[in-house]
1. Report, as a whole number in µm² per second, the diffusion coefficient that Stokes-Einstein gives for segment A:160-310 at 37 °C and 0.692 mPa s using the Kirkwood radius over alpha carbon pairs.
2. Using a Förster radius of 41 Å, what is the FRET efficiency between residue B:162 and residue A:343 based on their Cβ-Cβ separation? Nearest 0.05, please.
3. What number results when the radius of gyration of segment A:10-342, computed over Cα atoms, is divided by 2.2 N^0.38 Å?
4. So what are the radius of gyration and Dmax for the Cα set of segment A:66-198, in Å?
5. What angle, in degrees between 0 and 90 and rounded to the nearest 10, separates the Cα long axis of helix B:162-175 from the longest principal axis of the Cα atoms of chain B?
6. Please identify, among A:130, A:168, A:79, the residue showing maximal mean-square fluctuation in a Gaussian network model of chain A using a 10 angstrom Cα cutoff.
7. Who wins for biggest fluctuation among A:85, A:228, A:21 in a Gaussian network model of chain A, springs between alpha carbons below 10 Å?
8. What relative contact order, as a whole-number percentage, does chain A give when Cα pairs under 8 Å and 6 or more residues apart are counted?
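Just so it is clear, none of the values below were taken in a lab; they were calculated from the coordinates. Everything numeric in this text was worked out from a predicted model, so none of it was measured. Glycine gets a Cβ as well: all are built from the backbone with ideal geometry, and neighbour counts include every protein chain shown.
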């Protein structure tokens, strides 16, 4: 059984890096227009190029930024390499809450950056519709290195959907995504990330978030498709009084997938609140669902929930909920449950006239039911399809 | 409507029902009394066809069909409905979805929910954080939407406060077509521990179960009064 600690294994990680060519080498094709098949693939990943209500769109294909426009007042969207030039190296935000020396992947992103996005909502700007960003690997065997910076200035509200995906006919790749999020006083940032990878793709997001007084950070993470390996563990620090963080994940691990995910929230200021909820399904793959809540100030409230459904006889779901209190006056709790669907739930539905298949898919659909505003229909359909696949995977 | 013949049932290798015979005619409501652990719930679960209730001998005939080995959902489709005493919570499944799934006629569940003032529960997850009375209401709403020919009720009054007993009683009367005095087609079998439900629903016949056997049958009010007076032990002695 693999080790509990997620940490890096230098030799292994560097080995992995060597296997892929850099995105810039492959990028002659990065500049070509997206065809209809690719656009469909993006839609299934939450990125809709035809939607009238998406007023801001960023698309990076391999290392090439093919689209970056935003028509919303008070919101700025730039390729991060441009932002670095324009804003003097983004001194307040660049590698401020993540350490470039953390592991082989952060070092690689630091040394050989392809690009990424810089999105900033100015103070008081309230954005109704989500902005969308897509990090797209178009060629086989490419390593894409991205560094994103998002800043929600005081009192602003912003929703970003980021879809990460590969070309429909590609099987192998590496995605390194460094993301730093800054949620200022009273601001609200909703960040929805959809992963839609291929069977031999390795994914190494490295994410940190800081939330100031009265700010809110909501994260939704959806991964329904097969992937070789994902390893991610975003850390959110609630720095100011009354700050809130909430992480929702919906993860399906088909046969052959190894998905090691989790979220950590450090509640540093009094009266902060955090919630981590993960729903995972294995139909043959391995999922590690981590959650780590660290209470460091009085009157904080934090809850952690890991629910796992085993829909195949083999496969692994490993829930690791951790609570860590450093002061007495905290309210921290967790619940975790892993297993197959309870027979009494299936029979309850069957006693209302549903056959076993219909009863099972009703329960799985309920299990995966997370309310995410602004998801395109195609993605909702994908969710339904994943449910059907789960059912047949039994 | 329902014919049970010499039914012997094991649960986890233990003999629980020992030769049950019962007939419930079209339009009849029967009550089943008995101590905790006497086998009442086992009988209902066996009739409905839940897994783990192993029929060793005998048969169950419903609507003229031998259903002894018929799958659970087919019995439901044939017109049998059960109100659970403690139904499981379905995370993420909304009562709205559940009612739609149950409804024999499209939209029936929604109309009923509105009629019984249960709209605010429609977007709640099924049974999550419901009180005793709310669970019973939700169960009966599902059954009303399902519209079964034979309703099996497992202690419908348990956990319900006095105020809500009226509503529960009303819903059961409706399920069993108690307002019809002629041509009533709905039948029911009600497990009751306290007998309270008899104040709200008239029953045609009562049975007493002791140690997996039916030891007495007759007028339900008389039986219940007898039990109140002399306890179940007397029923054991009294061979009708």
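1. 210
2. Computed FRET efficiency for residue B:162 and residue A:343 comes out at 0.70.
3. Values: Rg = 19.2 Å, N = 333, 2.2 N^0.38 = 20.0 Å.
After normalising by residue count via 2.2 N^0.38 Å, the value is 0.96.
4. That works out to 15.0, 44 Å for Rg and Dmax.
5. Between the helix axis and the principal axis of chain B, the angle is about 80 degrees.
6. Evaluated over chain A, the most mobile residue of the options is A:168.
7. It is A:85.
8. Here the relative contact order equals 11 percent.
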